[in-house]
Amino acid sequence: MSKGIANWTPSDDVLVEAAIRRGASRRDLLKMMLANGVALASGSTILGRVERAFAATPKKGGAIKAAGWSTSTADTLDPAKASFSTDYVRCCSFYNRLTTLDKSGAAQMELAESVESQDAQTWTVKLKKGITFHDGKPLTADDVVFSLKRHLDKATGSKVAKIAAQMTGFKAVDKTTVEIALASPNADLPMILALHHFMIVADGTTDFSKGNGTGAFVREAFEPGVRSIGVRNKNYFKDGPYLDQIEFIAITEENARVNALLSGDIQLAASINPRSLRLIEGKEGIALSKSTTGNYTDLNIRLDMAPGNKKDFIDGMKHLVNREQIVKSVLRGFGVVGNDQPVSPANFFHNPDLKPKPFDPDKAKSLFQKAGVLGTSIPVVTSEAANSAIEMAMVIQASAAAIGLTLDVQRVPSDGYWDNYWLKAPVHFGNINPRPTPDILFSLLYASEAPWNESRFKSEKFDKMMLEARGLLDQAKRKQMYAEMQAMIAEEAGTIIPAYISNIDATSSRLKGLEPSPLGGMMGYAFAEYVWLDS
């Protein structure tokens, strides 16, 4: 007797997916179904199930070319020195970390079997066994100690030296066990170790151009400022990668990046600005991957310089920013309204009770009158270097003009913006990439001695709370303290965060497996290991 579609069970779906993983073709599956008595009248429905299974099941084989947006002749395969998206993508392809972050932002083990502590100050890392570097060398505790200690050496030039400084002691207990001592308790260490810079390299490595890691791809070519090519690591300790080869380049001009995707020259175009979506929306064979994980462009008003040394001016600006309009018109809906603090709704510790300042031009005008700035011209520095900053500046300028405040929007080139204007100009825009924990955000951006303290916010109370919360293993207590700290930033700092911006990567519709990540676009820059090509 033939089996009709009504009698098709979930176990049959499992059989189909298992057959696909073994390499069965669509023809093979049809023969299998007929042999099992599937009624031909049900064929179209069954074939629909087969097509969906094929689309959802990773397949091995094929090569892709992907393009990021930033590049330099200083591109590096040294994880400690990684600065650009191109660096992060390549490091994620060639190396591994002790831990990674899943979609929810929780730490998951990668090279580590476990990362544990009883007091949040002394941590024990157990390594997985049987992992080898590309040159065949087995992974040991010595590699981990070497990799982490490099960040403490000024000669290394580590980009996370400030974060790594809390690690004061390293000990290889045995071949697969490492003990890490911290200067003070930090319950976030498992998440900190998931930062791209903490990739594990082989003990004694001096030549990083070889990309000798434990990662999913083996370096075949690397030309700084041009391209890299990786081929599948046949000895990889995970199920992936699915691709045979990944070539990664950068196309800095956005329209050129989009056109390369449309022409089929590349299969992934990273970080597409909402204004460019009109070029690709509705195009056959193109898909969009959206994630809102904490990237934002902010308006920074320095508290130690005029006019930001007058609180009424800062409060007035917070009421002058039309956040809903920025999300709708500037970001074309690809974002969520921000509340002037850096912990996004995607983060477990986000304070949902902290409401953004309402758009209220009349209240803003009253505050500007108190500050004595009406009738003066206030320079606002902006640049394409900060995502959507020029468009945001135009929206704010128009609202200011309507109440008699003159904002002199000064558009400066991207080249040199971060060195010459960011952190320096009295009123200017910044752009911050996602960070996995509030402590990292606060340490980088809001602590009194933070290296990127954009508005020169200083608070002894905030600093003390940051140190206390850092060492708490009690998540509920930490969440309460972080909520209060977010409120302090929103009320007292000079950073205005109108929206958390969605990252948009555009891909060929054949490229599957791309998912959001709290570490940023392109699946936290680790897409190469997880994506596959649908035939």
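The values are calculated or read from the model by the stated rules, or taken from the named source; none is laboratory data. Just so it is clear, the model here is predicted, and its values are computed rather than measured. Glycine also receives a Cβ, built like all others from the backbone with ideal geometry; neighbour counts cover every protein chain displayed. To get the accessible areas, we keep the full protein, side chains included, count just its heavy atoms, and leave off ligands, DNA and RNA. Shrake-Rupley method; radii C 1.70, N 1.55, O 1.52, S 1.80 Å.
Kindly indicate whether any position in the range 487-508 is in a loop (DSSP other than H, G, I, E, B) and touching an Asp or Glu at 6+ places or on another chain (Cβ under 6 Å).
yes
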Any residue at all in the range 342-350 that is part of a loop (DSSP other than H, G, I, E, B), open to solvent by 60 Å² or more (accessible area, probe 1.4 Å) and either basic (Lys, Arg) or modelled with pLDDT of 95 or more (or both)?
no
Which residue out of Asp244, Asp265 is charged (D, E, K, R), farther than 15 Å from Thr507 by Cβ and at pLDDT 95 or above?
Asp244
Give me the residue from the range 427-453 that is more than 21 Å from the chain's Cα centre (by Cα) and open to solvent by less than 50 Å² (accessible area, probe 1.4 Å) and, out of that set, nearest to Ile192 (Cα to Cα).
Ala447
Might you check whether a residue that is farther than 24 Å from Ile396 by Cα and either part of a helix (DSSP H, G or I) or small (Gly, Ala, Ser) (or both) occurs anywhere in the range 292-299?
no
Report, ordered by the first and then the second residue, all pairs with beta carbons closer than 7 Å, sequence separation of six or more or different chains, a first member in the range 201-223 that is closer than 20 Å to Asp153 by Cβ and aromatic (Phe, Trp, Tyr), and a second member that is at pLDDT below 95 and open to solvent by less than 50 Å² (accessible area, probe 1.4 Å).
none
Complete set of residues in the range 136-154 that are farther than 15 Å from Lys126 by Cβ, crowded, with 18+ Cβ neighbours inside 10 Å and more than 24 Å from the chain's Cα centre (by Cα)
Phe146
Given the criterion open to solvent by less than 10 Å² (accessible area, probe 1.4 Å) and touching a helix residue (DSSP H, G or I) at 6+ places or on another chain (Cβ under 7 Å), identify the matching residue among Gly230, Gly157.
Gly230
Looking only at the range 233-252, and only at residues there that are within 21 Å of the chain's Cα centre (by Cα) and part of a strand (DSSP E or B), the one that is surrounded by the fewest Cβ atoms within 10 Å (Cβ to Cβ):
Glu247
